[in-house]
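These notes concern the structure reproduced below.
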Amino acid sequence: QSRTLHIASSALELSAAPFGWVDVVFGYAVHWLERDDGASEVHGSFSGGLSRALTPDLRLRAGFARKLRLPSVQQLYDTLSGDPELAPERAMTYELGAEYAGLAPAVVGLTLFRSDVENFIDRDPVTEEFANNQRFRFQGLELAARAALAGGRELAASWSYLHARDLSDT
């Protein structure tokens, strides 16, 4: 079989320092999905964040976003595992982080994160078919470090801890 999807996104992001002591960013995006059977969907997503330097070496930041992931051609139409009724994934994500640059030439950071996801698209382990799962929560933390090296090179490393929970009714 031959199937076609047209997927497009358009986004706008604004950033400013309205008070001089805090940086603010806000974004909005529109996502279009048009199927070859004539069905179409339009969805929106948004993000926002704040950032503040407490000292020349320490910056704190917080952010949130409503994210969207449209199903792929394979997830919708694969002859063995596709589901043409899949809904887009929707997630509310939150982050809180800090970055410290006082260990020159190194910079270290810590970020706490959480995502509440609805309609998570995954392959069913028994049937091998793609399906929407009701609700999941992913949360954890990430430690990151990077250092400038000679010759314009950079060394970076990170470690993440992720805890996932199924919050579905089933």
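Miscellaneous remarks
- Residue check, Thr4 of a type in the set (Ser, Thr, Tyr), within 27 Å of Ile121 (Cα to Cα) and open to solvent by 50 Å² or more (accessible area, probe 1.4 Å): yes
- Scanning region 16-47 for residues that are open to solvent by 80 Å² or more (accessible area, probe 1.4 Å), closer than 30 Å to Leu58 by Cα and within 19 Å of the chain's Cα centre (by Cα) turns up Phe26, Tyr28.
- Residue within region 152-166 that is of a type in the set (D, E, K, R) and within 30 Å of Asp57 (Cβ to Cβ) present: yes
- A Cβ distance below 9 Å, combined with a sequence gap of six or more or placement on separate chains, defines the contacts here; from region 59-77, residues that are more than 24 Å from Asp122 (Cα to Cα) reach residues that are surrounded by fewer than 16 Cβ atoms within 10 Å (Cβ to Cβ) and of a type in the set (Val, Ile, Thr) in the pairs Gly63/Val25.
- All of Arg137, Arg146, Arg114, Arg123 fail the test of being farther than 30 Å from Ala101 by Cα, under 24 Å from the mean Cα position of the chain (by Cα) and open to solvent by 70 Å² or more (accessible area, probe 1.4 Å), apart from Arg123.
- Qualifying residues in region 48-61 (those that are of a type outside the set (A, V, I, L, M) and in a strand (DSSP E or B)) - the one surrounded by the fewest Cβ atoms within 10 Å (Cβ to Cβ): Thr55
The values are calculated or read from the model by the stated rules, or taken from the named source; none is laboratory data. These numbers come from a predicted model, not from an experiment. Heads up, the Cβs are rebuilt from the backbone with ideal geometry, glycines too, and the neighbour counts pull from every protein chain shown. Accessible surface is based on the protein model in full, side chains and every heavy atom, while ligands, DNA and RNA are left aside. Shrake-Rupley method; radii C 1.70, N 1.55, O 1.52, S 1.80 Å.
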